[in-house]
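Everything below concerns the one structure shown next.
A short reminder: the numbers here are calculations on the coordinates, not readings from a lab. The structure displayed is predicted, hence computed values, not measured ones. For neighbour counting, all protein chains shown are included, and Cβ atoms are generated from backbone atoms with ideal geometry for every residue, glycine included.
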Amino acid sequence: MSVPTVDPAVPAVVARIAGGRPLRAVWANEIGGTTWRIGAGERDAEFVKVGPPHPEFDPELEAAKLGWAREFIAVPEVLGAGVADGLGWLHTRALAGRNTIDPLFSADPGPVIDALGIGLRRLHETAPVTACPWRREPLTRLSPAALAELGAPPPVDRLVVCHGDPCAPNTIVDDAGGLVGLVDLGELGVGDRWSDLGAAHWSLEHNFGPGWWPRFLASYGIPDDPVRRAFHRRAWELG
């Protein structure tokens, strides 16, 4: 994901939901989707994520996952979801806070690194594997060449309910860097916890630079596993 460098055209469904309220594009993703923020204040902010048909964006499925996960961890409240004019859309109420790559934390990322580990561990510990109706199977999306590069996966360490996209912008924190909740749960499903941890390792370096992995692991609460970490990080990069 990235911040749009130019103002995109406002889709009709976004304009309809905004109803004249302030509106701006805040994220653009690699599959042609855009996330829009509605509202001027923090207390009444809403988001609408829109995108073309794609295996990685099913707004009604993501709405179902958010509704299921909110029993176990703070996630956005779903206000609506559907398809309009060839675009999928998901309308949510914002969690009160900032994502962890907000400039407020650039001078001292330490507290938000802790929040990233705490948030992921909380999801993994509290969401029940036996009750989750979805599976996290990222290897099924890889090309034969990518699978050949990866080789045989290591044995599963521990099955948990994975976030599926645990990159830094998908954790929301308060102004002190304390955990508020998680967003963007469209890939949520049961899988090896190192599927999430490998992706988190990539995100830490991408968003904060080298050197933060030990602190993240300390907040998550397990020792490193270089073999599983390397495999699942590379699977994330190839996906």
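Just a few scattered comments:
- Helix axis angle, 193-208 relative to the chain longest principal axis, alpha carbon, degrees: 70 degrees
- In the distance distribution for region 44-88, Cα-Cα pairs more than 12 Å apart total 62 percent.
- Degrees, to the nearest 10: 59-69 long Cα axis against longest axis of the chain: 60 degrees
- FRET efficiency, residue 12 to residue 159 (Cβ-Cβ, R0 45 Å, nearest 0.05): 0.60
- In order along region 77-84, the phi-based Karplus estimate (6.51 cos²θ - 1.76 cosθ + 1.60, θ = phi - 60°) of 3J(HN,Hα) comes to 6, 7, 9, x, 7, x, 10, 8 Hz; Gly and Pro are listed as x.
- Note on residue 230 and residue 30: their simple-model spin labels are 2.2 nm apart, each label 7 Å out from Cα toward Cβ.
- A P(r) calculated from all alpha carbon pairs of region 1-129, with 10 Å bins opening at zero, reads 11, 37, 38, 13, 0 percent.
- Once the chain from residue 218 to residue 137 is taken as fully extended at 0.36 nm per residue, the excess over their C-alpha distance is 26.5 nm.
- Principal-axis analysis of the Cα atoms of the chain puts helix 226-238 at an angle of about 40° to the longest axis.
- Ellipsoid semi-axes for the chain, based on the Cα gyration tensor and the rule √(5λ), read 28, 21, 17 Å when sorted largest first.
- Residue 42/residue 85 FRET efficiency (R0 41 Å; Cβ-Cβ; nearest 0.05): 0.85
- nm² value of the averaged projected area, convex hull over the Cα atoms of region 98-238: 8.2 nm²
- Gain upon complete extension [residue 175, residue 148; 0.36 nm per residue less C-alpha separation]: 5.3 nm
- Estimated FRET transfer efficiency when R0 is 41 angstrom, pair residue 60-residue 206 (beta carbons, to 0.05): 0.85
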